[in-house]
Amino acid sequence: MVPAAGRGERLGPGAPKALRELGGVPLLVHAVRALARSRAVGLVVVAAPADGVAEVVALLDGHGLDGKKDVRVVAGGATRQESVRLGLAAIPEDVEIVLVHDAARPLVPVEVVDAVAAAVRAGAPAVVPAVPLADTVKRVEPNPGRPEPVLDTPERATLRAVQTPQGFDRATLVEVHAKALAEEAAGGADAVPVTDDAGLVERYGGTVVVVPGHEEAFKVTRPLDLVLAEAVLARRRAADDY
Ligand code: CTP
Ligand code: MG
C-alpha cells in the first residue's frame, strides 16, 4: 500500500506532495509504478488526501498504469499512521504479505521491492530496506534556534537510514496498528512518536530485519531532494526509455 495523504509541508507551498511532478509525472504515479513493476505485487492500495480521492483516481487512470495490476484508492488520514491503517483495511483478507511504500519515494528500484518481499516470504515478520549513513550522527537535547547540547555519538557503523517499501506479514502489521490505535484511544502513553511501520512492530516486541536499500530510494522531503530526483530520472531516461 502507498500512503500518499501528506501535505508535504517541508517541500514548500504548492500541491500535496504526492501530486507534485517529477519529469512531468506525479510522484505518486512514479511510486505506484515502482511497486507495480515487481512480480511480487498484485494489488496497490493508495491512501490519498481525504479531499483528493477523486482527483487521485483520475490521475492514476490518466497515467494508464500497467493494466495487469489492480489499483484501489481510499481516503487517508491526518497522520501517516492513520493513512496506513485506513489503507490496510482496504486490502482483501487473503493477502498475506503487505508492503508499505511512501509516495514520496518515487525512484525506488524494483530490486529493493523484490528483496523486501522475498525476505517476508522467507519468514521474517517485518523487513526494512536501509543504507549506511554518510554523516556522523549525534543525539542532542533539542533546543531549536539555540545551540543544542550533545548527549552522545552513536557508532556510525551500527546505524542505518531506513527506507521503504517496508514489508510485513499482514497479520503482524494489522495487529500492531490496532494496538497503537487502542493505546491512543486510551489516552495512551506519551510514547515517542513512531515514524515508520517497523517502529510499531519494534514497540510491541516484534522482530524487524534489515535488507540492503538503495541510494535512489531516497525520500523527496525538501526542495533539494526534488532537484536530485529530476537528475536521477533524467539519467535513467538517457540510459533507457524508462
Ligand atoms: N502521509 C500520509 N498521510 C499523512 C501524512 C503523510 O499518507 N497524514 C504519507 C506521505 O504522503 C508520504 C509518506 O507518508 O508519502 C511519508 O511522509 P512525509 O515524507 O513526511 O510526507 P508529508 O507528511 O507529506 O511531508 P511533510 O512531513 O513535509 O509535511
Ligand atoms: Mg510528514
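The values are calculated or read from the model by the stated rules, or taken from the named source; none is laboratory data. No experiment lies behind these values; they were computed from the predicted model shown. Note that we place each Cβ from the backbone using ideal geometry, even for glycine, and neighbour counts take in every protein chain shown.
Among the candidates Pro49, Pro3, Pro106, the residue that is under 28 Å from Val176 (Cα atoms) and without any contact (Cβ under 8 Å) to a residue 60 or more places away in the chain is uniquely Pro49.
May I ask you to say which residue of Pro106, Pro129, Pro147 is out of contact with any Cys (no Cβ under 7 Å at 6 or more places or on another chain) and farther than 30 Å from Ala36 by Cα? Steps first, answer last, please.
On the way: Pro106 fails: farther than 30 Å from Ala36 by Cα; Pro129 fails: farther than 30 Å from Ala36 by Cα.
Only one candidate passes the filter, namely Pro147.
Among the residues making up the stretch 20-47, a single one is more than 19 Å from Glu216 (Cβ to Cβ) and within 15 Å of ligand 2 (Cβ to nearest atom): Ala47.
Considering (1) farther than 30 Å from Ala122 by Cβ; (2) assigned to a loop (DSSP other than H, G, I, E, B), the lone condition that Val95 does not fulfil carries the number (1). Close Cβ contacts (under 7 Å, 6 or more residues apart or on different chains) running from residues in the stretch 137-150 that are within 21 Å of Ala161 (Cα to Cα) to residues that are surrounded by 10 or more Cβ atoms within 10 Å (Cβ to Cβ) and hydroxyl-bearing (Ser, Thr, Tyr) comprise Lys138/Thr153. Is it fair to say Gly206 is more than 16 Å from ligand 2 (Cβ to nearest atom) and part of a loop (DSSP other than H, G, I, E, B)? Answer is yes for this residue.
For the stretch 28-36, state whether one or more residues are of a type in the set (D, E, K, R) and either outside any helix (DSSP H, G or I) or at pLDDT 95 or above (or both). Yes - at least one qualifying residue is present in the stretch 28-36. For the stretch 6-16, name all the residues that are basic (Lys, Arg) and either within 17 Å of Gln81 (Cα to Cα) or away from ligand 2 (no atom under 15 Å from the Cβ) (or both). Residue satisfying the conditions is Arg7 alone.
Taking the criterion of being part of a loop (DSSP other than H, G, I, E, B) and within 16 Å of ligand 2 (Cβ to nearest atom), would at least one residue in the stretch 49-63 satisfy it? Yes, the stretch 49-63 has at least one match. Which of the following residues is surrounded by 14 or more Cβ atoms within 10 Å (Cβ to Cβ) and among the charged types (D, E, K, R): Arg139, Arg222, Arg146, Arg236? The conditions single out Arg236. Filtering Ala90, Ala78 for residues that are within 16 Å of ligand 2 (Cβ to nearest atom) and either among the β-branched types (Val, Ile, Thr) or surrounded by fewer than 18 Cβ atoms within 10 Å (Cβ to Cβ) (or both) leaves a single hit, Ala78. Filtered by the rule that a residue be within 15 Å of Pro109 (Cβ to Cβ) and assigned to a loop (DSSP other than H, G, I, E, B), the stretch 209-232 gives Gly213, His214, Phe218, Lys219. The set of residues in the stretch 1-35 being within 14 Å of His101 (Cβ to Cβ), within 10 Å of ligand 1 (Cβ to nearest atom) and surrounded by fewer than 23 Cβ atoms within 10 Å (Cβ to Cβ) consists of Gly6 alone. Looking at Val84, is it over 19 Å from Asp196 (Cα atoms), within 16 Å of ligand 1 (Cβ to nearest atom) and crowded, with 17+ Cβ neighbours inside 10 Å? For Val84, the condition - over 19 Å from Asp196 (Cα atoms), within 16 Å of ligand 1 (Cβ to nearest atom) and crowded, with 17+ Cβ neighbours inside 10 Å - is not met.
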